Structure formats: structure tokens, C-alpha cells
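For reference, the structure is listed below as C-alpha cells.
Each reported figure results from applying straightforward, stated rules to the coordinates on display, with no laboratory input. Being a predicted model, the structure only gives us computed values, none of them experimental. Here the Cβ positions follow ideal geometry from the backbone for every residue, glycine too, while neighbour counts run over all protein chains shown.
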Amino acid sequence: MADPQVSTKRLTTRRWELSDLGWYREAIDDDIRRFTRESPTMGSDAALLEHLDGHASSLSIAVLDASGLVGNLGIHRRDQLIEFSYWIAASARGKGYATELLIAATRWATEEFGPETTLELQMHPENHASMTVAERAGYRMSGYRSTGDRCADADGRVAIYMFGR
């Protein structure tokens, strides 16, 4: 996947670099582990960087503000469906970054792939902060899906949010 052009007045994105990985590992706190797909064991730096670099249909990119790294944006494409995932490090939470990032990512995807592309978020059903972000960015809950995903609840479900539907 080509590098997405996702930026705002306060945020920019870029590919993860080897020098970022110490920050990345430290930023993964209990909330991020509980509510996202982040692996509890991240392996070697080379394996982690390869995972983040993705492949043709998936990519994780670093999110930065004026002071440096603040989070991660995941972009997963399957045909006419794009799923976003995101997290903001605890030190940068409460500034509106996640909402700002999701709005910019949504705008980028709509411009890049066209309005007929389905934009989706999957999240832990108890991740109320992320649900608020989704709603502020124009996403609406469309139900639940059973999955074996790490971000699922004890019943194996994730909440599904769709853009503009």
C-alpha cells in the first residue's frame, strides 16, 4: 500500500522507523493491550518493523505532533473495504488527537479510493473512548460481529462502526 497522506494542522504521519521502536514498545500500555490487536509479545525489532511496514493491503503508520511520536494508525484494505485502527499514547490522550486523526484518515480514504468504498472500524465493545471518537468522526454503530480477534470481548464480539451509514 502506498504511503497515505494523512495530516492535520497538529498531526502528521509517516512510516515507522527502527529508531521509533523503543518508543512504540513503551507506549503500549494496558488499555492499548486490552482494546487493540497489539501483540503482548512483540519479538525482535526487525520482526516488529516488518509487521508495522505491512504489505499490499495493510499498513501501520506513526502519528506525530510537533513534539514527536504520539500514536499509531492502522489501515487495512480488502477490496472495497477499508478498516482503520488507531491508538494514542497515554501521554498524548485527552487532546482530541484520535478524533482529528480519524477524520483526516477518513477524508484521505474517500479521496483516494472513492465514496463507494466502505469505511469500517472494529473495536472492543467496552472501549467507550474509541466509540466516542468514532461518533465524533461521523461513524455510526452498525452492530456486532463474532471474531476470534484480540480486540474482542469475552463473548468473542467486536463492535462495528461504519462511516456515513
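Remarks
- Only the Cβ atoms of Lys and Arg (+1) and of Asp and Glu (-1) were treated as charged; on that basis the dipole of segment 53-162 about its Cα centre amounts to roughly 200 debye.
- Label-point separation in nm, Ser7 to Arg145, each point 7 Å along Cα→Cβ: 3.2
- Span-like helix ranges in the chain, DSSP H, alpha carbon extent 15 angstrom or more, Kyte mean at least 0.0: 97-113
- Packing-based exposure ordering (other Cβ within 10 Å, fewest first) of Trp16, Trp87, Trp23, Trp108: Trp23, Trp108, Trp16, Trp87
- The residue list Pro125, Gly148, Gly164 was ranked by how far each Cα lies along the charge dipole of the chain toward its positive end, using unit charges on Cβ atoms, and Gly164 comes out on top.
- Calculated [222 nm] ellipticity per residue, helices only, for the chain: -8500 deg cm²/dmol; basis is -39500 (n - 2.57) per DSSP H run with n ≥ 4, divided by all residues, nearest 500.
- Relative contact order of the chain, defined on C-alpha pairs under 8 angstrom at six or more residues apart (%): 21
- Selection among Thr99, Leu18, Leu59 by position relative to the dipole of segment 12-118 gives Thr99 as farthest towards the positive end (Cβ unit charges, Cα centre).
- Under the convention that each Lys and Arg Cβ holds +1 and each Asp and Glu Cβ holds -1, the size of the dipole of segment 12-118 around its Cα centre is about 160 debye.
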